[in-house]
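A.B. asks: Take this structure, written in structure tokens, and hold onto it; I'll ask about it next.
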Amino acid sequence: MTELPLVLTVFVACAVEAVEALTIVLAAGLTREWRSTFQGMGVALVVLAAVIAIVGPALTLIPLQPLRLVVGALLAVFGLQWLRKAVLRASGYKELHDETGIYARQVAAAEAAGTSRRGWVHDWYAFTLSFKGVLLEGLEVVFIALTFGASQHSIGWAAVGATAAVVVVTVVGIAVRAPLARVPENSMKFAVGVMLTSFGVFWAAEGAGVAWPGNDAALLIIVPATLLAGLGYVTVLRRARQAAAAPVAVAVASGGHGPGPVRPEEER
Amino acid sequence: MRRLRAFGAFWYDFVIGDDWRGAAVVAAAIAATAALVAAGVNAWWLLPVSALAALGWSLRRATAGKN
């Protein structure tokens, strides 16, 4: 199979996570101070590099079939989680990821926090905010890049996709100096959820001993089928919301009381 | 012990997330696929169908009672 789907999937997934990390780093840097923010980011990147250095080579030593079974299962579960959230957001049952809102909340919290110095870190709050943001978002990047890359024996290509995404988002972030609110995050997460679920299902089944009809070409059916199913769920849920909202609108127009807006799930 | 529990909770939330049932369906489908393959049935269809059904089930649970 060509490396293009691998690179593109890792690129898009990593770009989404990099945008989220950028929001946190900008909030810490612009509100508190850049030195401690960069220190936190640097330490997080060292931890992520250590994870890659340990787990990456270890994954390449595992035989392909058991690797695909385990990695495929993890990717399928992980991908279904992404797809579930993206469908709920697209259909209005969950709030869209709002980088501007998240940035405003982070800035307010950063401005309210006191300053304390610990060792070589001048501003501990900026350091920990930046460290946690980069580490948590980075772990998702590492997880996707390593599992995707290892299952195709192309960790190098996965690294190319991940690095390119981080570089692009960093360059745009430096140029804009604001959260990248215009990035269509939910559409990107939807696409990544479709790819992770499809590849996860493909590899897990292969790891379980299945011979796919058409071998790798089966992905040309699995990916569009997963996409269609996801879009179908969005349509069904949107219609259900509209159908439920219609009697409420009539009741409100005639002076009655409706049940109120749907409370979206908590933002994670 | 507390840190170990927090570590486990982090990875559980990281991989499995809000609804463990989806992960349980995928695990059961993989086991069933392996069993069918061992019995001589090339059950390539089982996992994709189960995964998409699990997604639908999970979405239904997440949206039930919210309209």
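A.B. asks: Would you confirm whether or not region A:175-191 contains a residue that is among the β-branched types (Val, Ile, Thr), assigned to a helix (DSSP H, G or I), at pLDDT below 90 and in contact with a Phe, Trp or Tyr (Cβ under 7 Å, 6 or more places away or on another chain)?
C.D. replies: No: region A:175-191 contains no residue that is among the β-branched types (Val, Ile, Thr), assigned to a helix (DSSP H, G or I), at pLDDT below 90 and in contact with a Phe, Trp or Tyr (Cβ under 7 Å, 6 or more places away or on another chain).
A.B. asks: Just wondering, is there one or more residues in region B:2-24 that are within 17 Å of residue A:209 (Cα to Cα), out of contact with any Pro (no Cβ under 7 Å at 6 or more places or on another chain) and of a type outside the set (Val, Ile, Thr)?
C.D. replies: Of region B:2-24, the ones within 17 Å of residue A:209 (Cα to Cα) are none.
The answer is no; no qualifying residue exists.
A.B. asks: Then there's this: Need the failing condition index for residue A:217 against (1) in a helix (DSSP H, G or I); (2) touching a helix residue (DSSP H, G or I) at 6+ places or on another chain (Cβ under 7 Å); (3) within 13 Å of chain B (Cβ to nearest Cβ); (4) small (Gly, Ala, Ser), just the number.
C.D. replies: For residue A:217, the exception is condition (2).
A.B. asks: Just to be sure I understand the filter: pairs with C-beta atoms under 6 Å, separated by 6 or more residues or on different chains, first member in region A:103-122 and in a helix (DSSP H, G or I), second member not β-branched (Val, Ile, Thr). Which pairs pass?
C.D. replies: Hits for this filter: A:103/A:27; A:103/A:179; A:106/A:27; A:107/A:27; A:110/A:27; A:110/A:32.
A.B. asks: Another question, if that's okay. Across region A:199-214, what is the total count of residues that are small (Gly, Ala, Ser), more than 13 Å from residue A:69 (Cβ to Cβ) and facing another protein chain (nearest Cβ under 8 Å)?
C.D. replies: Adding up the residues that qualify gives 1.
A.B. asks: Among (1) over 14 Å from the mean Cα position of the chain (by Cα); (2) more than 9 Å from chain A (Cβ to nearest Cβ); (3) of a type in the set (Ser, Thr, Tyr), there is one condition residue B:12 misses while meeting the rest; what is its number?
C.D. replies: (1)
A.B. asks: Can you tell me which residue within region B:47-58, out of those that are at the interface with chain A (Cβ under 7 Å from one of its Cβ atoms) and surrounded by 18 or more Cβ atoms within 10 Å (Cβ to Cβ), is nearest to residue A:244 (Cα to Cα)?
C.D. replies: Step by step, filter region B:47-58, then rank; the result is B:58.
A.B. asks: Within region B:20-46, track down each residue that is facing chain A (nearest Cβ under 7 Å) and either touching a Lys or Arg at 6+ places or on another chain (Cβ under 6 Å) or within 25 Å of residue A:91 (Cβ to Cβ) (or both).
C.D. replies: Across region B:20-46, the qualifying residues are B:22, B:23, B:26.
A.B. asks: Just one of B:61, B:3 is more than 7 Å from chain A (Cβ to nearest Cβ) and either acidic (Asp, Glu) or closer than 30 Å to residue A:243 by Cβ (or both); which is it?
C.D. replies: So the residue among B:61, B:3 that is more than 7 Å from chain A (Cβ to nearest Cβ) and either acidic (Asp, Glu) or closer than 30 Å to residue A:243 by Cβ (or both) is B:61.
A.B. asks: What are the residues in region B:4-26 that are of a type in the set (Asp, Glu) and in contact (Cβ under 8 Å) with a residue 12 or more places away in the chain, if any?
C.D. replies: Result: B:18, B:19.
A.B. asks: From the list A:147, A:100, A:128, A:60, which one is assigned to a helix (DSSP H, G or I), buried (at least 22 other Cβ atoms within 10 Å of the Cβ) and not basic (Lys, Arg)?
C.D. replies: Working: A:100 fails: buried (at least 22 other Cβ atoms within 10 Å of the Cβ); A:128 fails: buried (at least 22 other Cβ atoms within 10 Å of the Cβ); A:60 fails: buried (at least 22 other Cβ atoms within 10 Å of the Cβ).
Being assigned to a helix (DSSP H, G or I), buried (at least 22 other Cβ atoms within 10 Å of the Cβ) and not basic (Lys, Arg) holds for just one of A:147, A:100, A:128, A:60, which is A:147.
A.B. asks: Continuing with the same structure: Within region A:65-95, take every residue that is more than 10 Å from chain B (Cβ to nearest Cβ), farther than 12 Å from residue A:147 by Cα and of a type in the set (A, V, I, L, M, F, W, C) and give me the one that is surrounded by the most Cβ atoms within 10 Å (Cβ to Cβ).
C.D. replies: Filtering region A:65-95 for residues that are more than 10 Å from chain B (Cβ to nearest Cβ), farther than 12 Å from residue A:147 by Cα and of a type in the set (A, V, I, L, M, F, W, C), the one surrounded by the most Cβ atoms within 10 Å (Cβ to Cβ) comes out as A:86.
A.B. asks: Still on this structure, I have one more. With respect to residue A:25, is the statement that it is aliphatic (A, V, I, L, M), farther than 30 Å from residue A:223 by Cα and either over 17 Å from the mean Cα position of the chain (by Cα) or assigned to a helix (DSSP H, G or I) (or both) true?
C.D. replies: Yes: the conditions hold for residue A:25.
A.B. asks: Give, as residue ranges, the helices (runs of 4 or more DSSP H) completely inside chain B that count at least 1 residues that are among the acidic types (Asp, Glu).
C.D. replies: Where helices (runs of 4 or more DSSP H) fall fully within chain B and carry at least 1 residues being among the acidic types (Asp, Glu), they are B:2-15.
The values are calculated or read from the model by the stated rules, or taken from the named source; none is laboratory data. Computed from a predicted structure; not experimentally measured. As a convention, Cβ positions derive from the backbone with ideal geometry for all residues, glycine included, and neighbour counts pool all protein chains shown.
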